[in-house]
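Novice: I am attaching a structure below and will ask some questions about it afterwards.
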Amino acid sequence: MNFKNKKIILFDLDGTITESGEGIVNSIEYALKAFGITDYNRADLFRHLGPPIIEIFKNEFGFDDLKALEAVEKFREYFREIGIYENKLYDGIESLLKSISDSGRKIVLATSKAEVFAVRILEYFNIINYFDVVGGSELDGSRIRKGDVIRYALNKAGIVDLDSAVMVGDRKEDILGAKEAGIDSIGVLYGYGSFEELKNAGAVTIVGTVEELGKVLIG
């Protein structure tokens, strides 16, 4: 499919723009330690990255709603001061953002991460000026479903022509959320998801590298 005519490019953050796994996993471990949980495989935590953090505590560790909320608060204790910076841009992503921006198209961030943290990350890497809109979740846990975040970001950007937009992400939540919001999607394999996951979720196109992503978006 030709994505070069898409005027609005939505990006996920973790696993798509930044390689954030170390900081997120360290923050999860900090929270688990507060609950006395040590019986897990650290490598497995990387495979769970993608869904909202509260869902990881509930689905992978069996926390109930209240305990999961408490775990998220412990997660943020570490993340807001340290974990947020245990992070790096994927090679080539800044050049891609610049090329898209220079082409006159809008770039929109759509992440389940708290919006306040997303803004800090974009500012830290000095790439926030490439983004016309930053859309994320609220600290109170609202608007964490990816479909809701994407719709929120589209509305915030004033986008009514859904055919003009495409979502780029590395996990099934990005692909399913895009489908729910009525837009096309591109899956990327350099993040935390697998080809099977992205294909089964219904990604229109799947690319392996940032370079390949640039080819389908820019040419």
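Throughout, read-outs are computed from the coordinates displayed, never taken from laboratory work. Predicted model only: the values in this text are computed from it and were never measured. Backbone-built Cβ (ideal geometry, glycine too); neighbour counts: all protein chains shown.
Novice: Find the centroid of the Cα atoms in region 162-207 and in region 62-118, then give the distance between the two in whole Å.
Specialist: Each part reduced to its Cα centre gives a spacing of 18 Å.
Novice: Report, in degrees rounded to the nearest 10, the 0 to 90 angle that the Cα long axis of helix 172-181 makes with the longest principal axis of the chain.
Specialist: Between helix and principal axis, roughly 60 degrees.
Novice: Quickly estimate the mean residue ellipticity at 222 nm for the chain, helices only: each DSSP H run with n ≥ 4 gives -39500 (n - 2.57), and the total goes over all residues, rounded to 500.
Specialist: Calculated at 222 nm, the ellipticity per residue is -13500 deg cm²/dmol.
Novice: Can you tell me the dipole magnitude for the chain around its Cα centre, using point charges on the Cβ only (Lys, Arg +1; Asp, Glu -1), in Debye to the nearest 20?
Specialist: The dipole magnitude comes to about 540 debye.
Novice: Once you mark the GluC sites (Glu not before Pro) that are in a DSSP loop and have at most 12 other Cβ atoms within 10 Å, what is the longest gap between them in the chain?
Specialist: 139-219
Novice: Compute the Rg/Rh shape ratio of region 21-85: radius of gyration over Kirkwood radius, all on alpha-carbon atoms.
Specialist: Radius of gyration over Kirkwood radius for region 21-85 works out to 0.91.
Novice: So if R0 is 45 Å, what FRET efficiency would Phe35 and Val119 give, r being the distance between their Cβ atoms, rounded to the nearest 0.05?
Specialist: Efficiency, rounded to the nearest 0.05: 0.95.
Novice: Let me ask another. Once you order the gyration tensor axes a ≥ b ≥ c over the Cα atoms, which shape class does region 96-219 get: rounded for a/c under 1.5, otherwise prolate or oblate by comparing a/b with b/c?
Specialist: Rounded, because the longest to shortest axis ratio a/c is under 1.5.
Novice: Using +1 at the C-beta of Lys and Arg and -1 at the C-beta of Asp and Glu, which of Ser103, Leu66, Val149 has the Cα lying farthest in the positive direction of the dipole of the chain?
Specialist: Ser103
Novice: What residues from region 162-181 fall in the zone where the backbone N is under 18 Å from a label point 7 Å along the Cα-to-C-beta line of Glu196?
Specialist: Those under the cut-off are 171-173.
Novice: Please name which of Phe11, Gly191, Gly21 has its Cα lying farthest along the dipole of the chain towards the positive end, using unit charges on Cβ (Lys, Arg +1; Asp, Glu -1) and the Cα centre as origin.
Specialist: Of the options given, the answer is Phe11.
Novice: For the chain, take the longest principal axis of its alpha carbons; what is the angle in degrees between that and the long axis of helix 146-156, to the nearest 10 within 0 to 90?
Specialist: So the inclination is approximately 50 degrees.
Novice: Pick out which of Leu154, Leu162, Leu97 has the largest mean-square fluctuation in a Gaussian network model of the chain, springs linking Cα atoms closer than 10 Å.
Specialist: Looking only at Leu154, Leu162, Leu97, the biggest GNM fluctuation is shown by Leu162.
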